[in-house]
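Q: This is the structure I have questions about; it appears just below.
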Amino acid sequence: MNGLEDVYLVDAVRTPIGRHGGALAGVRPDDLAATVLRALLDRAPDLDPERIDDVVFGAANGAGEDNRDVARMAVLLAGLPASVPGVTVNRLCGSGLEAVIQAARAVAVGDASIVVAGGVESMSRAPWVLAKPGRGYPTGHETLHSTTLGWRMVNPRMPAEWTVGLGEATEQLAAEYGVTREAQDAYAAASHAGAAAAWAAGAFADEVIPVPGVDLIRDESVRPGSTPEVLAGLKPSFRPDGTITAGNASPLNDGAAALLVADAAGLRAIGREPLARITASGVHGVDPRRFGIGPVEAGRRALARAGRGLADLDAVELNEAFAAQALACLGEWPEVDPAVVNPLGGALALGHPLGASGARILGTLAHRLHRRGGGLGMAALCIGVGQGLAVTVEN
């Protein structure tokens, strides 16, 4: 870190995560982003908003109401000075974490002192899109494509084996790693149990903020009654004889999350003690069919840059796109104590609003380390089309 500024996570907030078509379906994504941005600043009353150098948000879609640079829209809708800029980044499921990484880089090299970074997604409000016809006045039918999730308008030069759906790709990964249906259901049930217990214990009180006008105080997809026996009764979703069901795959969701990132001078201007310090990041690409294993090498690279190892981790937030995917990653990280991974539940229960998830898991991780009184943590996600992303932090 010679010549670089230390980068601190000062605070982190998120909305409750709504189900597809649920309580947050009536809220535009730019309003969700503005909600967490405004809440973050309301929690830092000593911070003059004019001191914010940039706002960076991740969004995986960008085809609907989150178009026209949703980060800049959030700045304006949240009532910040027009002088505060905003930029939107897209690394699909890793977009929210990518936003924090880019903010941290700007702070580390001295291009910024205080940055807000986060992510947003409304999968409920993701629009259908219509490609322009190849010529005017077409006589045939045209196709509307859903932008909610997955491939659409695929380049014909892309190999067909790379463009299989996320579910089919995870079925292939489960077969490769020998992850059984029983193991997946048990893991998913534990995620729901952990999330329900965390909410009952008030573990999310420091990070979850309400959405104005919406009667939702908890993550909407948590199902406390999801036992392995209940999940065993669900039918496979992608293959007649498959192992992946709606119960051991993450749901479609809506939500937003934001973090306040600063250097030492920024900390003084904010007047707060930090939750954690960012120490490193890592990114890695894999065969698109094996997207679920992407976090394995990304996490190793981040830890190597931080001068630490997997056995050193005191807290891990691993995004659970699918139970099979999470179990495959953990199988490649035998040094990690399973007890430190997602003890408050993961995306299988809490939800996976694509562009927001990376910011959500990093915020949860920072609050966990702060309550713990210190330690080393890592947040990591798999990313569609074959990538993994990870960030390490210390308190």
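The values are calculated or read from the model by the stated rules, or taken from the named source; none is laboratory data. Being a predicted model, the structure only gives us computed values, none of them experimental. With ideal geometry, Cβ positions are generated from the backbone for all residues, glycine too; neighbour counts draw on all protein chains shown. We work out accessible area using only protein heavy atoms, side chains counted, and drop any ligands, DNA or RNA first. Shrake-Rupley method; radii C 1.70, N 1.55, O 1.52, S 1.80 Å.
Q: Among the residues of segment 65-89, write down those that are at negative phi, surrounded by 17 or more Cβ atoms within 10 Å (Cβ to Cβ) and not hydrophobic (A, V, I, L, M, F, W, C).
A: Of all residues in segment 65-89, those at negative phi come to 65-67, 70-78, 80-89.
So of that shortlist, the ones also surrounded by 17 or more Cβ atoms within 10 Å (Cβ to Cβ) come out as 65-66, 70-75, 77-78, 80, 84, 86, 88-89.
Scanning segment 65-89 gives 65, 66, 72, 86, 88.
Q: Kindly indicate the residue of segment 136-147 that is assigned to a loop (DSSP other than H, G, I, E, B) and of a type in the set (S, T, N, Q) and also farthest from residue 32 (Cα to Cα) among those meeting that condition. So that I can check it myself, show each step before the final result.
A: Here is the first cut: in segment 136-147, the residues assigned to a loop (DSSP other than H, G, I, E, B) are 136-143, 147.
Of the ones still in play, those that are also of a type in the set (S, T, N, Q) are 139, 143, 147.
Working: 139: 41, 143: 30, 147: 19 Å.
Once the filter is applied, the top-ranked residue is 139.
Q: May I pose another question? Would you confirm, using the coordinates I've provided, whether residue 61 is out of contact with any His (no Cβ under 6 Å at 6 or more places or on another chain) and open to solvent by 50 Å² or more (accessible area, probe 1.4 Å)? Show your work before the answer.
A: On the way: out of contact with any His (no Cβ under 6 Å at 6 or more places or on another chain): yes; open to solvent by 50 Å² or more (accessible area, probe 1.4 Å): no.
The answer is no for residue 61.
Q: Is it the case that some residue within segment 337-347 is under 14 Å from the mean Cα position of the chain (by Cα) and more than 18 Å from residue 187 (Cβ to Cβ)?
A: Among the residues of segment 337-347, not one is under 14 Å from the mean Cα position of the chain (by Cα) and more than 18 Å from residue 187 (Cβ to Cβ), which makes the answer no.
Q: For the subset of segment 96-135 comprising residues that are of a type in the set (A, V, I, L, M, F, W, C), closer than 17 Å to residue 279 by Cβ and assigned to a helix (DSSP H, G or I), which member is most open to solvent (accessible area, probe 1.4 Å)?
A: 106
Q: Taking the criterion of being of a type outside the set (Gly, Ala, Ser), on the phi < 0 side of the Ramachandran plot and in a loop (DSSP other than H, G, I, E, B), would at least one residue in segment 289-299 satisfy it? Please lay out each step first, then the result.
A: Within segment 289-299, the first condition is being of a type outside the set (Gly, Ala, Ser), and the residues that meet it are 289-291, 293, 295-297.
Imposing the further condition that a residue be on the phi < 0 side of the Ramachandran plot reduces the set to 289-291, 293, 295-297.
Then drop every residue that is not in a loop (DSSP other than H, G, I, E, B), which leaves none.
No, there is no match, as no residue in segment 289-299 is of a type outside the set (Gly, Ala, Ser), on the phi < 0 side of the Ramachandran plot and in a loop (DSSP other than H, G, I, E, B).
Q: Scanning segment 214-272 for residues that are in a loop (DSSP other than H, G, I, E, B) and touching a Lys or Arg at 6+ places or on another chain (Cβ under 6 Å), which turns out farthest from residue 13 (Cα to Cα)?
A: Residues of segment 214-272 that are in a loop (DSSP other than H, G, I, E, B), as a first pass: 214-227, 232-235, 237-244, 246-248, 250-252, 263, 271-272.
Still in the list and also touching a Lys or Arg at 6+ places or on another chain (Cβ under 6 Å): 220-221, 243.
Details: 220: 17, 221: 19, 243: 35 Å.
Per the criteria, the residue is 243.
Q: I would also like to ask the following. Being open to solvent by less than 10 Å² (accessible area, probe 1.4 Å), farther than 18 Å from residue 276 by Cβ and part of a loop (DSSP other than H, G, I, E, B) narrows it down to one of 388, 355, 345, so name that one.
A: Numbers: 388 fails: part of a loop (DSSP other than H, G, I, E, B); 355 fails: part of a loop (DSSP other than H, G, I, E, B).
The conditions single out 345.
Q: Here's a follow-up. May I ask you to list pairs of residues, at least six apart or on different chains, whose Cβ atoms are under 8 Å apart, with the first in segment 245-264 being on the phi > 0 side of the Ramachandran plot and the second being of a type in the set (S, T, N, Q) and open to solvent by 10 Å² or more (accessible area, probe 1.4 Å)?
A: none
Q: All but one of (1) modelled with pLDDT under 95; (2) closer than 13 Å to residue 353 by Cβ hold for residue 59; state the number of the condition that does not hold.
A: (1)
Q: OK, next. Of all residues in segment 148-195, how many are aliphatic (A, V, I, L, M) and either in a loop (DSSP other than H, G, I, E, B) or over 18 Å from residue 326 (Cβ atoms) (or both)? Give the derivation first.
A: We begin by selecting, within segment 148-195, every residue aliphatic (A, V, I, L, M); these are 149, 153-154, 158, 160, 164, 166, 169, 173-175, 179, 183, 186, 188-190, 193, 195.
Keeping just the survivors that are either in a loop (DSSP other than H, G, I, E, B) or over 18 Å from residue 326 (Cβ atoms) (or both) gives 149, 153-154, 158, 160, 164, 179.
Going through segment 148-195 one residue at a time, the tally reaches 7.
Q: One residue is enough: does segment 361-383 have a residue meeting the conditions within 20 Å of residue 290 (Cβ to Cβ), open to solvent by 20 Å² or more (accessible area, probe 1.4 Å), out of contact with any Cys (no Cβ under 6 Å at 6 or more places or on another chain) and not in a helix (DSSP H, G or I)? Walk me through how you get there before you give the answer.
A: So in segment 361-383, the residues within 20 Å of residue 290 (Cβ to Cβ) come out as 380-383.
Among the residues that remain, those that are also open to solvent by 20 Å² or more (accessible area, probe 1.4 Å) are: none.
No, segment 361-383 contains no residue that is within 20 Å of residue 290 (Cβ to Cβ), open to solvent by 20 Å² or more (accessible area, probe 1.4 Å), out of contact with any Cys (no Cβ under 6 Å at 6 or more places or on another chain) and not in a helix (DSSP H, G or I).
Q: Mind telling me which of the residues 220, 207 ends up being open to solvent by less than 60 Å² (accessible area, probe 1.4 Å), in contact (Cβ under 8 Å) with a residue 40 or more places away in the chain, closer than 27 Å to residue 46 by Cβ and touching a Gly at 6+ places or on another chain (Cβ under 6 Å)? Give the steps one after another, and end with the answer.
A: Working: 220 fails: closer than 27 Å to residue 46 by Cβ.
Exactly one of 220, 207 is open to solvent by less than 60 Å² (accessible area, probe 1.4 Å), in contact (Cβ under 8 Å) with a residue 40 or more places away in the chain, closer than 27 Å to residue 46 by Cβ and touching a Gly at 6+ places or on another chain (Cβ under 6 Å), namely 207.
Q: Hey, could you check segment 301-317 for residues that are under 18 Å from residue 338 (Cα atoms) and surrounded by 21 or more Cβ atoms within 10 Å (Cβ to Cβ) and say which is nearest to the chain's Cα centre (by Cα)?
A: Filtering segment 301-317 for residues that are under 18 Å from residue 338 (Cα atoms) and surrounded by 21 or more Cβ atoms within 10 Å (Cβ to Cβ), the one nearest to the chain's Cα centre (by Cα) comes out as 317.
Q: So if I check each of 60, 74, 25, which one is within 16 Å of residue 254 (Cβ to Cβ), outside any helix (DSSP H, G or I) and touching a helix residue (DSSP H, G or I) at 6+ places or on another chain (Cβ under 7 Å)? Spell out the reasoning first.
A: Working: 74 fails: outside any helix (DSSP H, G or I); 25 fails: touching a helix residue (DSSP H, G or I) at 6+ places or on another chain (Cβ under 7 Å).
The conditions single out 60.
Q: Hey, any hits in segment 179-199 for a residue that's on the phi > 0 side of the Ramachandran plot and either over 19 Å from the mean Cα position of the chain (by Cα) or crowded, with 18+ Cβ neighbours inside 10 Å (or both)?
A: Going through segment 179-199, the residues on the phi > 0 side of the Ramachandran plot turn out to be none.
Looking for residues that are on the phi > 0 side of the Ramachandran plot and either over 19 Å from the mean Cα position of the chain (by Cα) or crowded, with 18+ Cβ neighbours inside 10 Å (or both), one finds none in segment 179-199, hence no.
Q: When you check residue 282 against the structure, is it open to solvent by less than 10 Å² (accessible area, probe 1.4 Å), under 18 Å from residue 7 (Cα atoms) and in a helix (DSSP H, G or I), yes or no?
A: On the way: open to solvent by less than 10 Å² (accessible area, probe 1.4 Å): yes; under 18 Å from residue 7 (Cα atoms): yes; in a helix (DSSP H, G or I): no.
Here the answer is no, as residue 282 does not meet what is asked.
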